[in-house]
Amino acid sequence: MNEYELYLQKIDELKRIGLEPHIYGYTTLGLPMYVYKLSKKIDYTKKPIKVLVQAGIHAREYITTFLLFALIEYYNVRIYRELSMLNKERKSEYLNLNYELYFAINTNVDGFRLCTMGLDCITDIALRNKLISINQGNLDFSLYKANINGVDLNVNFDARWGTGKCNIKHKNYENFIGDKPNSEVETQNLIALTQKVKPDITISYHSKGEEIYYQFFQDEQMLLRDKSIAQVIAKTTKYAIKDISTTSAGGYKDYCIQHYNIPAYTIEVGNDSYSHPLGLEKLPTIFKQNKYVISNILKFLASGQQNL
Ligand SMILES: [Zn+2]
């Protein structure tokens, strides 16, 4: 079974335990884009903290989608089992939180399917030929990052679009910015979801490098706010905070910071010594590093050490 089939199987498995995803849009080829919502409201006088987590925007980084499945299962049930074994103080600290978690499990489903199944998943001959040319004549799509139109979705957002260091202006398996900002339906769908959810914070999972990115031309006060949360993520994962803002543009994190002034993070999972695409055998380690990221951010914000 390939990873795309495993993905479909996982969605079915989650349905069987009562977790139904919501379809927030369809890809270029008409595949559903799913988001899972988990929420907990203890105190109805308090506004819940909303966290939107998205993964798999780069096709070959599909391990991040499987990380989200693991996080969904963890925050749905397992965390409560774990908490029942913790001391009373730590337990109530978590149980008193009000939150809404949104997991947009894969932002580039067409790319993910192409990357893991190759051209076998494409029946249209013209499209197959187009994809071979996008992939520079290479019939192996395992390193493919873009969507099915040869647009790199994480440089397609309307946020200093076209000014990124690695941007290119023609269709390619990576780094093509698109014909205009937000040109791709997958980009538009994620924006519409974000506008609907109105998250307080977003996390974008990528691979690889064990790094955290949080900057995008914020003013000084916001930079301090956003770095304080980045430090929580760094302490939890042991990943390195990258204090740079000048190389990135057009990414989802960049879009969230520029348009909503909210803290938004790119977390690169997986050791840099691994090669792309990261095999699913790396998942247990990556999950272990990341499972408390959300709960530690929620606890940090609820403690009042940082206001949004
Ligand atoms: Zn990426």
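Annotations for the structure displayed:
- With all projection directions averaged, the alpha carbon convex hull of segment 110-200 covers 6.7 nm².
- Taking a Cβ cut-off of under 13 Å around residue 200, the surrounding Lys, Arg, Asp and Glu residues balance to a net charge of +3, with basic ones at +1 and acidic ones at -1.
- When the P(r) is computed for segment 58-213, the part past 22 Å accounts for 52% of the Cα-Cα pairs.
- Share antiparallel - DSSP beta bridges, the chain, percent rounded to 5: 40
- Once the Cα gyration tensor of segment 189-256 is diagonalised, semi-axes √(5λ) in Å: 20, 15, 13
- Using the Stokes-Einstein relation with a Kirkwood hydrodynamic radius computed over Cα pairs, the translational diffusion coefficient of the chain at 4 °C and a viscosity of 1.567 mPa s comes to 66 µm²/s.
- Cα centroid separation, segment 255-308 to segment 45-83 (Å): 10
- Segment 198-297: relative contact order as a whole-number percent, Cα under 8 Å and 6+ apart: 43
- Gyration tensor verdict on segment 204-308 (Cα atoms; rounded if a/c is under 1.5, prolate if a/b is larger than b/c, oblate otherwise): oblate
- Mean separation of Cα contacts under 8 Å, 6 or more apart, over the residue count of the chain: relative contact order %: 21
- Above-threshold pairs, the threshold being 32 Å between Cα atoms, out of 15/253; 15/50; 10/238; 180/299; 47/238; 180/288: 180/299; 180/288
- Relative contact order (percent, whole number), segment 1-114, Cα cutoff 8 Å, 6+ residue spacing: 40
Where a number appears in this text, it was derived from the coordinates with a stated rule and is not lab data. Nothing here was measured: the structure is a model prediction, and the numbers come from that model. Methodologically, a virtual Cβ is constructed for each residue, glycine included, from the backbone with ideal geometry; neighbour enumeration extends over all protein chains shown.
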